[in-house]
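Here's the structure we're looking at; comments come further down.
Derivation of every value follows stated rules applied to the coordinates shown; laboratory data play no part. Given the structure is predicted, the values throughout are model-derived calculations rather than measurements. Every residue, glycine among them, receives a Cβ derived from its backbone with ideal geometry; neighbour counts consider all protein chains shown.
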Amino acid sequence: MDALINGLYGIPVLGLFFQFGGYVLDLLPILAQTSIVVAVPIALAALCGVLCERSGVVNIGIEGIMLVGAFVGWIVASAAASTFGHGTPLPVFGITAPLVIGLVAALIAGMFLALLHAWLAISVRVDQIISGVILNILALGVTGYLNTLIAAQSPQEAGKFTALSLPRDITNLPVVGWLLHAVLDQGPIAIATVIIVIVLQVLLFRSRWGLRTRAVGEHPKAAETVGIDVIRLRYRNVIASGAVAALGGAYLSMEQTNSFQAGMTNGRGFIGLAAMIVGRWTPIGAFGAAILFAVGTAVGQAISVGPPNGQLGDLLSKLPAQFFDALPYVVTIIILAGVVGRSIPPAADGKPYEREATT
Amino acid sequence: MTAARPLPRRRPTSRVRQVWDVLAVPVVAIVLALLVGAVVIVVFSLLVSRATFDIGLPLKAYGALVNGSLGSFDGLVETCVQATPLLLAGLGVAVGFRAGLFNIGAQGQFLLGALGSVWVGAALATASPLISIPLALVVGVVIGALWAGIAGYLKAASGAHEVVTTIMLNYVALAILSWIVVGPLRLTNSPQPVTAGVGDAALPIIIGSDGHLGLLIALVAVPLMWFLLYRTTIGFEIRSVGANADAARYAGMRPRFVIVLTMALAGGLAGLAGGVTLLGINHQMPAGYSTTVGFDAITVALLGRSNPWGVLPASLLFGAMRAGAGLMQIQAGVPAELVYIIQAIILLFLIIDVLLRKLPGLGAAKAGLITTDASQAAAEGVTAAAATIPPVAKGL
């Protein structure tokens with residue numbers, strides 16, 4: 001067996017691919033788990049985008065909504081912890097009352113910010129790109145402002161959601177073991193993300209709500225003539241999308257870490273937008289794209305920590321670490337330009353809908 | 001839209017009235033934003049810092065803001081220094097708007113242009129400034145133009161929306177910057193990853209302690225851009241494509257060429273902004289260089305109604321806020337991030353000008369948000385079918 005592997009590795013050029021395959025395969029359990037950790041906030045941002053754009057509203061303010069979600073979740077949990085105390089955490093996920101209060105507050109804050117965007121985009125019918133830019137600047141300003149004021153008082157920490165630790169018997173199972181480990185050895189928000197992806201995919205393509213949403217995003221006038229309230233449906237979907245994006249923000253400050261830094265979303269809202277486009281405006285596709293981007297990051301991290309030996313290691317060490325940072329964006333540009341199949345947005349995406357006068 | 005609506009009858013209006021109609025919405029937006037900012041200061045200090053109710057706090061904060069930016073000669077120079085990159089990049093974004101292009105990529109164009117200028121400047125650090133400075137700035141402009149040109153080409157060739165491609169290119173630019181400064185251009189034996197200094201290629205100081213030559217370059221760019229947009233054929237083509245690309249094509253213009261050219265022009269200006277900032281202030285490029293100029297330029301262009309003569313005062317306003325924010329934080333304990341909040345609220349009031357114009361005395365005011373000639377025509381009361389849907393919002 002070893003002889004065969006060494007033989008394959010020895011083939012010029014092609015051998016490098018085998019070496020890379022072997023390297024990734026060795027690290028698969030770790031890579032899969034890290035990939036999901038990295039992918040969750042991107043996937044949630046992408047889902048927010050899918051919800052908005054499928055109903056015909058462009059939202060580039062996802063980044064801002066996530067930032068507000070991250071901040072509000074963290075600060076409300078911290079305030080609740082210092083008022084009522086931490087309480088004993090539940091055995092699963094380390095859930096405590098302050099954390100739950102913080103999470104709910106984050107979702108509500110995200111929905112309020114989304115409501116502002118919905119009002120501007122749907123009712124005032126302003127340019128939706130500018131409205132999204134406003135959301136981002138506002139979120140950066142308000143969270144940065146409050147964070148500076150609060151950091152001066154060194155607030156109490158509320159802790160964070162913890163991962164579900166699977167018993168070793170399960171993770172040691174062949175193949176299924178690492179898959180379960182990757183998906184289930186995660187905190188509540190990460191696991192919820194996987195569930196939300198599946199539920200949204202089914203709802204969007206198999207339910208009455210989904211059909212109506214898609215109709216409103218493709219041809220609002222036709223939807224209105226069969227009795228769908230375009231305005232109301234768009235409002236609902238955009239507000240709901242705010243909660244999804246805020247969940248992604250809360251993941252950063254309440255599950256991945258237990259702290260907040262100004263601007264901690266660091267462009268994830270925009271990568272989410274990219275994942276949505278690469279995933280062709282479907283929840284599963286967007287999730288897949290988020291995972292794809294995350295695998296790039298995870299492999300990049302793995303290479304910088306423990307590069308593979310031999311020829312491959314020499315080659316990869318010449319590759320700049322920033323290559324993996326830029327990869328998702330380059331992939332998105334290539335797909336947008338139609339080099340690898342076009343990704344076509346919903347027809348009425350970004351167009352304000354004006355109801356005709358009812359006389 | 002079907003029948004030709006009669007043009008509104010022109011009443012003879014006084015000069016004061018005309019000026020007020022142009023300035024009303026931006027001025028009201030700024031004043032309202034400052035008021036909201038004052039409320040934010042008071043409410044947050046009550047809620048978060050548990051301070052006693054102090055109605056004087058916003059006055060103290062704004063006082064420090066004005067004092068730091070306009071209160072002294074050094075403050076005034078600092079205001080101009082801060083306004084310089086905003087003005088150049090803002091002109092770039094404004095030109096894009098005129099062609100119906102929403103360039104969110106000024107950030108990346110700024111960074112790569114700056115990197116190009118520093119690279120040339122550092123390579124020619126000991127050469128005559130008469131050669132090295134123009135060469136460094138030209139390289140910055142060219143790199144910025146090429147980088148933005150990618151988004152322009154993709155838009156023209158395949159219809160890829162420039163908003164998404166420029167956002168993506170921003171992050172790619174960030175990765176390239178970090179790779180080049182950490183890797184090939186890193187100054188050996190320095191603890192932090194940073195490029196070599198530009199030496200004699202640094203821009204000469206022309207006023208105060210740090211008022212560099214870039215101030216003059218930016219100031220000259222304003223009439224040049226105005227002339228280009230309103231007195232040349234290519235400017236007319238840019239504005240026509242922005243107002244109605246189909247009509248422009250029927251008139252024999254080349255919308256695709258104009259799109260690529262406009263993006264390159266916008267990128268060149270953003271690259272120049274980066275070049276003068278780095279050659280004038282920093283003199284070397286650290287790997288972790290961070291700036292918000294690219295995004296602030298969008299606000300500046302919108303506040304200036306995408307007109308070069310409007311972008312100038314808008315950039316000075318934001319330059320003043322940036323120059324004074326530090327003193328505000330020190331003297332009044334109000335975080336400098338207040339500037340972003342005010343910026344967002346100004347934009348908010350500008351885009352809801354439809355509602356704002358219901359205020360008494362503002363009925364005849366022109367729209368706050370003018371991005372193309374079509375929207376300008378609409379604001380001036382001329383019916384233009386193309387004005388109903390801003391070109392920017394078509395499909396993403």
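What does the average come to when, for each residue of peptide B:39-51, you count the partner chain Cβ atoms lying within 10 Å of its Cβ? Please list the in-between numbers first.
Values: counts 0, 4, 1, 0, 0, 5, 1, 0, 2, 8, 4, 1, 1.
For peptide B:39-51, the averaged partner shielding equals 2.
Taking Cα atoms of the stretch B:236-291, Rg/Rh with Kirkwood Rh, to two decimals? Don't jump to the answer; show the numbers that get you there.
On the way: Rg = 17.1 Å, Rh = 13.4 Å.
Ratio of gyration radius to Kirkwood radius: 1.27.
Neighbour counts of other C-beta atoms within 10 Å: give me B:Trp309, A:Trp119 arranged from fewest to most. Each step should come with its number before you reach the end.
Values: B:Trp309 12, A:Trp119 15.
Fewest-to-most ranking of B:Trp309, A:Trp119: B:Trp309, A:Trp119.
Could you tell me how many cubic angstrom of Cα convex hull volume the stretch A:6-75 has per residue?
So the per-residue Cα hull volume is 144 Å³.
Grab the eigenvalues of the alpha-carbon gyration tensor for the stretch A:147-238, scale each by 5, take roots, and send me the semi-axes largest first in whole angstrom. Before the final figure, lay out each step's value.
Values: eigenvalues 311, 146, 11 Å².
Whole-Å semi-axes of the equivalent ellipsoid: 39, 27, 7.
Filter the DSSP H helices in chain B by two things, a Kyte-Doolittle mean of at least 1.6 and an axial alpha-carbon span of 27 angstrom or more, and list the hits by number.
Details: long enough: B:15-47 (47 Å, 2.20); B:73-98 (36 Å, 1.14); B:129-158 (43 Å, 1.74); B:162-182 (29 Å, 1.90); B:255-277 (33 Å, 1.51); B:308-332 (34 Å, 0.86).
Correct list, ordered by number: B:15-47, B:129-158, B:162-182.
What range in chain A is the longest one free of GluC sites (Glu not before Pro) that are in a loop by DSSP and have at most 15 other Cβ atoms within 10 angstrom? List each step's numbers first, then the result.
On the way: sites that count: A:Glu157, A:Glu354, A:Glu356.
The reported range is A:158-353.
Using only the alpha-carbon atoms of the stretch A:233-336 as identical scatterers, what base-10 log of I(q)/I(0) does the Debye formula give at q = 0.17 Å⁻¹?
-0.95
Using the C-alpha atoms of the stretch B:46-127, what convex hull volume per residue, in cubic angstrom, is computed?
Details: hull volume 17.7 nm³, N = 82.
Per residue, the Cα convex hull of the stretch B:46-127 comes to 216 Å³.
Can you list which of the DSSP-assigned H helices in chain A have a Cα extent of 20 Å or more along the long axis and an average Kyte-Doolittle score of at least -1.0?
Working: long enough: A:14-54 (45 Å, 1.59); A:62-84 (32 Å, 1.67); A:97-118 (31 Å, 2.28); A:128-151 (34 Å, 1.60); A:188-206 (26 Å, 2.46); A:230-251 (32 Å, 0.75); A:283-305 (32 Å, 1.66); A:322-336 (22 Å, 1.75).
Sorted by number, the helices that extend far enough and score high enough are A:14-54, A:62-84, A:97-118, A:128-151, A:188-206, A:230-251, A:283-305, A:322-336.
Find, to one decimal place in angstroms, the Kirkwood hydrodynamic radius of the stretch B:97-241, where the mean of 1/r is taken over every pair of different Cα atoms and then inverted. Before the final figure, lay out the partial values.
Details: mean 1/r = 0.0583 Å⁻¹.
In the stretch B:97-241 this quantity evaluates to 17.1 Å.
In percent, what relative contact order does chain A have, based on Cα pairs under 8 Å that are 6 or more apart in sequence?
Working: 593 pairs, mean separation 118.1, N = 359.
Once normalised by length, the contact order is 33 percent.
Hey, could you get me the Stokes-Einstein D for the stretch B:97-156, Kirkwood radius over alpha-carbon pairs, 25 °C and 0.890 mPa s, rounded to whole µm² s⁻¹? Please list the in-between numbers first.
On the way: Rh = 12.4 Å.
Taking Rh from Cα pairs, D becomes 199 µm²/s.
To one decimal place, what Kirkwood hydrodynamic radius in Å is obtained for the stretch A:1-117 from all pairs of distinct Cα atoms?
Kirkwood hydrodynamic radius for the stretch A:1-117: 18.2 Å.
Ignoring everything except DSSP H segments at least 4 long, calculate the 222 nm mean residue ellipticity for chain B; use -39,500 (n - 2.57) per segment, divide by total residues, nearest 500. Working shown, then result.
Numbers: 15 runs with 261 residues, N = 396.
When only DSSP H runs of four or more count, the value is -22000 deg cm²/dmol.
Once a ≥ b ≥ c are taken as the square roots of the eigenvalues of the Cα gyration tensor of the stretch B:190-271, is the result rounded (a/c under 1.5), prolate (a/b larger than b/c) or oblate (a/b not larger than b/c)? Present the calculation step by step, with values, prior to reporting the outcome.
Numbers: a/c = 4.86, a/b = 2.13, b/c = 2.29.
Oblate shape, in that a/c is at least 1.5 and b/c is the bigger or equal ratio.
Stokes-Einstein at 37 °C, 0.692 mPa s, Kirkwood radius from Cα pairs: D for the stretch A:213-274 in µm² s⁻¹? Numbers along the way, then the final one.
Working: Rh = 13.9 Å.
The Stokes-Einstein estimate is 236 µm²/s.
Over all directions, average the projected area of the Cα convex hull of the stretch A:7-47 and note it in nm². Provide the component values of the computation, followed by the final result.
Values: hull surface 15.0 nm².
The number I arrive at for the stretch A:7-47 is 3.8 nm².
Beyond 36 Å, what share of the Cα-Cα pairs of chain B is found? Please give it as a whole percent.
Working: 21784 of 78210 pairs.
Here the long-distance tail beyond 36 Å is 28 percent of all Cα pairs in chain B.
What is the distance in Å between the Cα centres of the stretch B:226-257 and the stretch A:189-242?
40
For the stretch B:262-357, taking Cα atoms only, what is the radius of gyration to one decimal and the Dmax to the nearest whole Å?
Rg, Dmax (Cα atoms, Å): 15.4, 47.
Quick check of the Kirkwood formula: for the stretch B:208-338, what is the inverse mean of 1/r over all pairs of different Cα atoms, in Å? If you can, show how the numbers build up before the last one.
Values: mean 1/r = 0.0586 Å⁻¹.
Answer for the stretch B:208-338: a Kirkwood hydrodynamic radius of 17.1 Å.
GNM on chain B, C-alpha springs below 10 Å: top fluctuator among B:Trp147, B:Trp179, B:Trp226?
The residue with the greatest mean-square fluctuation here is B:Trp179.
Averaged over all directions, how much area does the convex hull of the C-alpha atoms of the stretch A:91-200 cover when projected, in nm²? Walk me through the numbers before you get to the answer.
Numbers: hull surface 41.7 nm².
If I average the Cα hull's projected area over directions, I get 10.4 nm².
Straight-line reach from B:Lys60: which aspartates and glutamates have Cα under 19 Å away, leaving out those fewer than 8 places along the same chain?
Correct list for B:Lys60: B:Glu337.
Using all C-alpha to C-alpha distances in chain A, build P(r) with 10 Å bins and read off the rounded percent in each one.
6, 22, 29, 24, 13, 5, 1, 0, 0
Considering amide H positions built from the backbone, and no H for Pro or chain starts, which residues 5 or more places from B:His212, or on another chain, come under 5 Å of its amide H?
The list, which skips near neighbours in sequence, is B:Ile206.
Would you report the distance distribution of C-alpha pairs in the protein assembly as shown as whole percents per 10 angstrom bin, up to the bin with the largest distance?
Taking every Cα pair in the protein assembly as shown, the percentages come to 3, 13, 22, 26, 21, 11, 4, 1, 0, 0.
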